[in-house]
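The structure under discussion appears below in the form of structure tokens.
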Amino acid sequence: MIAGLAGFLIAFAIVLVLERFIQPQRSRRPVFHRVSMLSAMPMIVFYLSVFMATYRPVFATVFGIIFFLGIVIVNNAKFRELREPLVYSDFALLRQAIAHPALYVTYIGPFKVAAVILAGAAVIFGSLIYEPPVIDRDTPAEWFSTLAYFSVVIGLIYAITRGPLRNEFRDILKQFGASTDVREDVDKLSLVTTLIFYFLLAGEQEIAVAKSRENEEEDRARPVGQRPGLPNVVVVQSESFFDARRILQNVPQGFMQNFSTMCHEARYLGRLRVPAWGANTLRTEFAFLSGIPDEALGVDRFNPYLKYCDKPVWTVATYLRSIGYRTICIHPFHKSFFRRDKVYPHLGFDEFIDIDDFNEGDRVGPYVSDNAVADKIEALVKDETAPIFVFAITMENHGPWKKPRIEVPPELRSAPPVKSNAFAQYLAHLQNADRMIGRIRNMLLSSRRKSIFCFYGDHLPSMPKLFTSIGFDDPRTDYFVWLSGGPVEGRSVNASADALNRLLLETFSAAQTRPDDETVNAPRAAGIGQIKDAP
């Protein structure tokens, strides 16, 4: 057993050292600081679990170090690309990372991923072949200590996560002062401790916006509205969209002209503060749909689709469906991604159009084009039998942009402030998004119904090196809310994604009239907040 103790001490010491390389780390703590010691506690459980399962101390030591090193590598890669440390909900995406490696592995680095996987495989097979267990277990009785250990560990984990000790343990965790500001908590509590705390605290927030399942079914049973005064509502959440002209060295003539036209005609326009940078589209879309500020969600803010939306939640779609709208989401990717197939029925949507409704010819580069999404929107809006709410989440301009994937016009190659083939490709896709705007505008103008068109970017493109090199650190995207049917004096409002929900509902109130010309007021988003200009 001396070998087991030695292996544990070696792994423990190395984890304390590796903890100092985790980003971000604003304060430099001593190796044996109490927070560093706290972060190494899970390593004790991990090491003991592997050792009790195999009785191979070298294997338990090396495998534990590789596992912790993998967490450090993934965390630092995420922080470099997305300006956010690893959070507990990222582990729920592991299966998606395997199914869709282009969305994840490229950012971490294929070499690093391969190195960690190969090292882990080599340790497993090498130990099984060359390291004999320190204790042989030939009879069932000799497995008793192992079974007893795992029974205690699994029983305790169940008790504090789902069992009778859950609330008491949460109260203990709160005493450590976790703030749900992940950067602050990683610096204060360490990465591993923050991961565990967030996992245990997830699902705690209860905000009075949930509807009962009976009301949800009642909404589905409501008759389709026939009143001609109800406008069609089209919302496009555009992948990685922002008005890039503010950082271009040379703005080509006509670049993003349709976006400019819509901003000129819009009822509301401005900069949009979003709860994501470079990725995590679902955070912005949920903030917009629900009107719930991300800070109100506690640790569920990092992925509200993981636990929070397992029950019905009031959204714009919920309201519109309750008054007779047909509510449809279009997302040209797999609807199982981010659990949207499970969540969107709880968010008030009747139908979800995903990648299966598109074909290979619809792609521009690796993803379905914005033009193909516009085709789907046009087909739905042409149906004049009922008012419709279409919420489209585009994919064409999703990163990475490292490999040539779209033909870039010469004028866009010279537009970036620094030479960047990736950013030039991004601009070419951005121009396609602008064409989509123009096409939807013309389509809605030709409709017999009044129409509302809301367009916004979900987050900035993940290009941290380029933005750093030019000194650009504004995380906001851009938006407009447009109402057909005549001139309007637009208002420039810098808003947050959740406040955009209220701007859309105010526009809906302005557009919707009864036969006696009385305005039908749309509800406020579950009474959460007033519209405020976001900084």
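The values are calculated or read from the model by the stated rules, or taken from the named source; none is laboratory data. Because the structure is a prediction, the values reported are computed rather than measured. Cβ coordinates were reconstructed from backbone atoms using ideal geometry, including for glycine residues, and neighbour counts include every protein chain displayed. Heads up: the accessible areas ignore ligands, DNA and RNA and are worked out on the full protein's heavy atoms, side chains in. Shrake-Rupley method; radii C 1.70, N 1.55, O 1.52, S 1.80 Å.
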Do we have any residue at all in the stretch 240-259 that's under 12 Å from Tyr479 (Cα atoms), of a type in the set (Asp, Glu), open to solvent by 10 Å² or more (accessible area, probe 1.4 Å) and touching a residue at least 12 places away in the same chain (Cβ under 8 Å)?
yes
Gln237 fails exactly one of (1) surrounded by 20 or more Cβ atoms within 10 Å (Cβ to Cβ); (2) modelled with pLDDT under 95; (3) of a type outside the set (Asp, Glu), namely (2)
Output for the stretch 303-313, where each listed residue is assigned to a helix (DSSP H, G or I) and either open to solvent by 10 Å² or more (accessible area, probe 1.4 Å) or among the acidic types (Asp, Glu) (or both):
Asp310
Within the stretch 24-51, residues being open to solvent by 20 Å² or more (accessible area, probe 1.4 Å) and modelled with pLDDT under 65 number 9
Hey, does the stretch 107-119 have a residue that's surrounded by 16 or more Cβ atoms within 10 Å (Cβ to Cβ), out of contact with any helix residue (DSSP H, G or I) (no Cβ under 6 Å at 6 or more places or on another chain), more than 25 Å from Thr146 (Cα to Cα) and modelled with pLDDT under 80?
no
Select from the stretch 163-176 the residues that are out of contact with any helix residue (DSSP H, G or I) (no Cβ under 7 Å at 6 or more places or on another chain) and open to solvent by less than 90 Å² (accessible area, probe 1.4 Å) and write down the one among them that is modelled with the highest pLDDT.
Gly163
Among the residues of the stretch 389-408, is any modelled with pLDDT of 90 or more and part of a helix (DSSP H, G or I)?
no
Between Val343, Val316, Val381, which is over 30 Å from Gln425 (Cβ atoms), open to solvent by less than 20 Å² (accessible area, probe 1.4 Å) and in contact with a Cys (Cβ under 9 Å, 6 or more places away or on another chain)?
Val343
Looking for something among the small types (Gly, Ala, Ser), out of contact with any Asp or Glu (no Cβ under 7 Å at 6 or more places or on another chain), surrounded by fewer than 24 Cβ atoms within 10 Å (Cβ to Cβ) and modelled with pLDDT under 95 - is there at least one such residue anywhere in the stretch 285-297?
yes
Against the condition in a loop (DSSP other than H, G, I, E, B) and open to solvent by 10 Å² or more (accessible area, probe 1.4 Å), how does Glu411 come out, does it pass?
no
Residue count, the stretch 433-461, condition among the polar types (S, T, N, Q) and crowded, with 20+ Cβ neighbours inside 10 Å, comes to 1
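Just a yes or no: is a residue in the stretch 509-525 open to solvent by less than 10 Å² (accessible area, probe 1.4 Å), over 26 Å from the mean Cα position of the chain (by Cα) and modelled with pLDDT under 95? Give the derivation first.
If we filter the stretch 509-525 for residues that are open to solvent by less than 10 Å² (accessible area, probe 1.4 Å), which is where we start, we get 511-512, 525.
Filter again for over 26 Å from the mean Cα position of the chain (by Cα), leaving 511-512.
Right, trim to modelled with pLDDT under 95 and you get 511-512.
Yes, there is a match, as at least one residue in the stretch 509-525 is open to solvent by less than 10 Å² (accessible area, probe 1.4 Å), over 26 Å from the mean Cα position of the chain (by Cα) and modelled with pLDDT under 95.
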Considering only residues that are among the hydroxyl-bearing types (Ser, Thr, Tyr) and either more than 24 Å from the chain's Cα centre (by Cα) or within 12 Å of Gly291 (Cβ to Cβ) (or both), which ones fall in the stretch 307-324?
Thr315, Thr318, Tyr319, Ser322
Failed condition for Ala497, given (1) of a type outside the set (Asp, Glu); (2) touching a Phe, Trp or Tyr at 6+ places or on another chain (Cβ under 8 Å); (3) modelled with pLDDT under 95; (4) open to solvent by less than 80 Å² (accessible area, probe 1.4 Å)
(3)
Output the residue which, of all residues in the stretch 264-278 that are under 22 Å from Ile437 (Cα atoms) and among the aliphatic types (A, V, I, L, M), is surrounded by the fewest Cβ atoms within 10 Å (Cβ to Cβ).
Ala266
